[in-house]
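Written below as structure tokens is the structure these notes are about.
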Amino acid sequence: MTRKRKKRKSHAGLIVFFVILCLLIGGAGGGYFWYSSSLKPVSSTDEKIAIEIAQGDTQNIVIDKLEAAGLIQSKLATKIYTKLNEFPRYVGTFELSTSMSTQEIFAKLADPNNALQSFVSVTIPEGKWAKDIATILANSLPHLNRDELLRLWNDDAYINQLAQVYPFIDPTLLTNDQYFVKLEGYLFPETYHIDLNMNEDQVTRMLLDQFGAVIAQFQPQIDASQYNLQEILTLASIIQFESGNPEDMPDISGVFHNRLNSGMPLGSSVTVCYALYDQFESSEQCETNTDIQSPYNTYLNAGLPIGPILNPGRDAISAALNPAQNDYLYFVADIYGDGKTHFARTLEEHEANIDRFNLRLE
């Protein structure tokens, strides 16, 4: 009887094993069925839907757009599919259909020749360095070469050619070989609709066209100023770097004008950031390297630095030309709090603000 009981237990164990196995196989089969079904077209109707893939869109953003347009059955299944199958993403507007499977959709998005429009929208944010703008452009239009853009922006012969077209370019002010990028400050921040067939020269001229249209609005003030355009752009770039808040810019400009008029050094740490250039990694470095030997360093050199330290926007240019009438000589930003800028008339007040907002370096 003992043997018989063991035999029954053995049969019971096999039954349990086969039941579990069947469940696993069934689950796997069900999972695969769900996955493959989820990649099928959402409809048999051929409804055309245009989807724009913008600069900087991640794979997840693309999937969100497809889901919002009703072009995919399952966001999860689509994410799994794109993880298993790497696809390049091209910017542009693509005409898709509700009768297309997920596989067909991504195959179409992977070919730039399928883009409907012949241009792409590229946004150049305010306050970017020229080398970063070159990167943005090259990433947005794969046929553009970042190094070629930077080469052009530093080439004296090319700048002389541009000066024949753009009266605001004065080659005599842009020949200094100590500039990191000679056209720094002239690459205006804006959203551009760039033809996909444009080359580096044509894209550069598009940026300069926009710069010229904007600077024309300020030309009467520039002509009446004691500074030339290059100097105004340089001051505007420092203001832009110090604060992206347009409300603070006139007062910051007032501080710098007060310092320039009194013969004080500008002493702006952001000029040290730019002086560090390829070595720049964090704002703390700008405070601890004020002795760096560079014509951009406004701690060691009187007056303005040799040129712009980024590409400023309208508000910063306006602030450089229209400083607030104040008697401030110092300012700090509450970087660990609300980011608000606080101004001071005396060094004692300034030191108190540094301690108040825990800005003193150890």
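The values are calculated or read from the model by the stated rules, or taken from the named source; none is laboratory data. Remember, it's a predicted structure, so these values are computed and weren't measured experimentally. Every residue, glycine as well, gets a Cβ built from its backbone with ideal geometry; the counts of neighbours run over all protein chains shown. SASA here: full protein model, heavy atoms, side chains in, ligands and nucleic acids out. Shrake-Rupley method; radii C 1.70, N 1.55, O 1.52, S 1.80 Å.
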Distance between modelled label sites at S262 and Q226, nm, 7 Å Cα→Cβ extension | 1.5
The FRET efficiency for S99 and Q293, from their Cβ-Cβ distance with R0 = 41 Å and rounded to 0.05, is 0.05
A correct Karplus calculation of ³J(HN,Hα) over the stretch 122-135, with 6.51 cos²θ - 1.76 cosθ + 1.60, θ = phi - 60°, whole Hz and x for Gly and Pro, returns 10, 9, 9, x, 5, x, 8, 6, 4, 5, 6, 5, 4, 5
Return, ordered by residue number, the residues of the stretch 264-282 whose backbone nitrogen is under 16 Å from a label point located 7 Å along Cα→Cβ of L347.
-> 264-268
Which residues in the stretch 126-144 have a backbone N closer than 20 Å to a point placed 7 Å from the Cα of H193 along the Cα-to-Cβ line?
-> 137, 140-142
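In whole percent, and with a 1.4 Å probe on the protein chains, what portion of the accessible area of the chain is carbon and sulfur?
Numbers: 9780 of 18850 Å².
Carbon and sulfur atoms account for 52 percent of the accessible area of the chain.
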Against the longest principal axis of the chain, how steep is helix 200-224, in degrees 0 to 90 to the nearest 10, with axes from Cα atoms?
-> 40
In whole percent, what relative contact order does the chain give with Cα contacts below 8 Å and a gap of six or more residues?
-> 13
Label-point gap, in nm, between Q219 and D355 - each point 7 angstrom along Cα→Cβ | 5.3
Subtracting the Cα-Cα distance of D170 and D327 from 0.36 nm times their residue separation yields 53.1 nm
With springs connecting C-alpha atoms under 10 Å apart, model the chain as a Gaussian network and identify which of G313, G267, G30 has the largest mean-square fluctuation.
-> G30
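Please give the contour-minus-distance gain from K48 to Y35: 0.36 nm per residue of separation, less the Cα-Cα distance, rounded to one decimal in nm.
Full extension of this stretch gives 2.2 nm more.
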Note the direction-averaged projected area, equal to a quarter of the hull surface, for the Cα convex hull of the chain, in nm².
-> 29.9
When Lys and Arg each count +1 and Asp and Glu each count -1, what net charge do the other residues less than 12 Å away from F256, Cβ to Cβ, add up to?
-> -2
Expressed as a whole number of Å, what is the distance separating the alpha-carbon centroids of the stretch 230-275 and the stretch 335-362?
-> 17
To the nearest 10 degrees, the tilt of helix 2-38 (Cα long axis) against the first principal axis of the alpha carbons of the chain is 50
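Tell me which chymotrypsin sites (Phe, Trp or Tyr not before Pro) from the stretch 270-332 have a DSSP coil assignment and no more than 12 other beta carbons within 10 Å of their own. Please list the in-between numbers first.
Values: sites: Y274, Y277, F280, Y296, Y299, Y328, Y330, F331; in loops: F280, Y296, Y299, Y328.
For chymotrypsin sites (Phe, Trp or Tyr not before Pro) across the stretch 270-332 that sit outside H, G, I, E and B with at most 12 neighbouring Cβ atoms in 10 Å, the list is empty.
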Between the stretch 112-171 and the stretch 66-92, the alpha-carbon center distance in angstrom | 31
Report I61's accessible area, 1.4 Å probe, all protein chains in place, as a number in Å² to the nearest 10.
-> 70
Whole-Hz couplings from phi, Karplus 6.51/-1.76/1.60, listed for the stretch 178-187; x for Gly and Pro | 8, 5, 6, 9, 5, 8, 4, x, 9, 8
Just check the stretch 267-362 against the gyration tensor rule for me: Cα atoms, a ≥ b ≥ c as the square roots of the eigenvalues, rounded for a/c under 1.5, and otherwise prolate or oblate depending on whether a/b exceeds b/c.
-> oblate
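Could you grab the relative contact order for the stretch 180-310? Cα pairs under 8 Å, six or more apart, rounded to a whole percent. Please list the in-between numbers first.
Working: 131 pairs, mean separation 36.0, N = 131.
Relative CO of the stretch 180-310 lands at 28 percent.
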Whole-Hz ³J(HN,Hα) from phi, Karplus 6.51 cos²θ - 1.76 cosθ + 1.60, for the stretch 105-111, glycine and proline x = 4, 6, 5, 6, 5, 7, 10
